[in-house]
């Protein structure tokens, strides 16, 4: 797994040329990329959500499109449309912005539910159906969506089915004083993203994605993953717990975390570090719990504290 570790270090260090002091969120974005998953970047305005997404796209040798969601946007603005060609006497499909390897969906919660739903098939099945015809998306295909959790005017909450299709939810938070001064220094003359270069080729990315699947996960770790997701469904403070898609997401992200650490086997700590960004956004907190200001993140942390950690057969030495 040394190649995956080197891959991750190269990509993360390139992103840190633009994003200051946010190592953990950057690592999560890279985890989502290698899992072939989609990432929701949720935070207040001005902390670098869009810049992080653009920086990832520039760091990869992939095609990139940006969608600025607004209330008047139509589903065809996302997926594309069939146009009648008079010279050929036939309809031709004109692909929309979703037909890119990295798609930035800015302010996803500003579009109507009908437009948001246009992303569902693309995110889960890597294809788009228009006028009864199915069109495959390019490989790899990743959606990076941003949203502001504070502003509610003119927004439409993401439905559970949409949230469940995001592998991870990432939050950046405000920088500390030292990092904020560094941001001022770096942007005094020009924005560092203007000089950011591509450091990863598409073939390298595809190869790394396949290598991830070979990371060993013991039966004890698999039981641990399933137990964590089961406890979100059984918790009295939870109205709706994580789906089996959540278990699969935790399983796959654990493989990536192990590979980025240079290991070819998953440890319980890999799962514990990823449980909150993988599971919290899939949970709907009950009304009584919300009145007590109990968040989904706190519930996942409590589940982690109360769930026994597997103790032995997960190491590489146990493999036959």
Checklist entry - Using a Gaussian network for the chain with springs between C-alpha atoms less than 10 Å apart, which of these wobbles most: 147, 187, 86? => result 86
Checklist entry - Which shape class applies to segment 182-256: rounded if a/c is under 1.5, otherwise prolate when a/b exceeds b/c and oblate if not, where a ≥ b ≥ c are the square roots of the Cα gyration tensor eigenvalues? => result oblate
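Determine, from the Cβ-Cβ distance of residue 90 and residue 68 and an R0 of 35 Å, the FRET efficiency 1/(1 + (r/R0)^6), rounded to the nearest 0.05.
According to the calculation, E is roughly 0.65.
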Next on the checklist: Let me make sure I get this right: for segment 113-234, a, b and c are the square roots of the gyration tensor eigenvalues over alpha carbons, sorted descending. Under 1.5 in a/c it's rounded, otherwise prolate if a/b > b/c, else oblate. Which is it?
Outcome noted: rounded
Checklist outcome for this item: Measuring from the longest principal axis of the C-alpha atoms of the chain, the long axis of helix 202-212 (C-alpha) lies at a number of degrees, nearest 10, equal to 30
Checklist entry - For segment 148-265, what is the relative contact order in percent, using Cα pairs closer than 8 Å and at least 6 residues apart in sequence? => result 26
Next on the checklist: For the chain, set up a GNM with springs between Cα atoms under 10 Å and report which of 28, 74, 15 has the largest fluctuation.
Outcome noted: 74
Checklist entry - In angstroms, what radius of gyration and Dmax does segment 214-310 have, counting Cα atoms only? => result 13.5, 44
Checklist entry - Just how far, in whole angstrom, is segment 188-216 from segment 19-35 if you go by their alpha carbon centroids? => result 11
Next on the checklist: How high is the relative contact order of the chain? Use alpha-carbon pairs under 8 Å, at least six apart in sequence, and give a whole percent.
Outcome noted: 22
Checklist outcome for this item: Percent of all Cα-Cα pairs per 10 Å bin for segment 2-208, counting from 0 up to the last occupied bin, reads 8, 33, 33, 19, 5, 1, 0
Next on the checklist: For the ranges 268-275, 212-219, what's the packing order if you count other beta-carbon atoms within 10 Å of each residue, average per peptide, and put the highest first?
Outcome noted: 268-275, 212-219
Checklist entry - Angle, helix 219-234 long axis vs. longest principal axis of the chain, Cα atoms, 0 to 90°, nearest 10? => result 70
Next on the checklist: Give me the percent relative contact order of segment 214-310, please, defined on Cα pairs under 8 angstrom at least 6 residues apart.
Outcome noted: 35
Checklist entry - Which angle from 0 to 90°, rounded to the nearest 10, does the C-alpha axis of helix 2-15 make with the longest principal axis of the chain? => result 60
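Every number here is computed from the coordinates shown, using simple stated rules; none is lab data. What you see is a predicted model, and the numbers here were worked out from it, not measured in a lab. Every residue, glycine among them, receives a Cβ derived from its backbone with ideal geometry; neighbour counts consider all protein chains shown.
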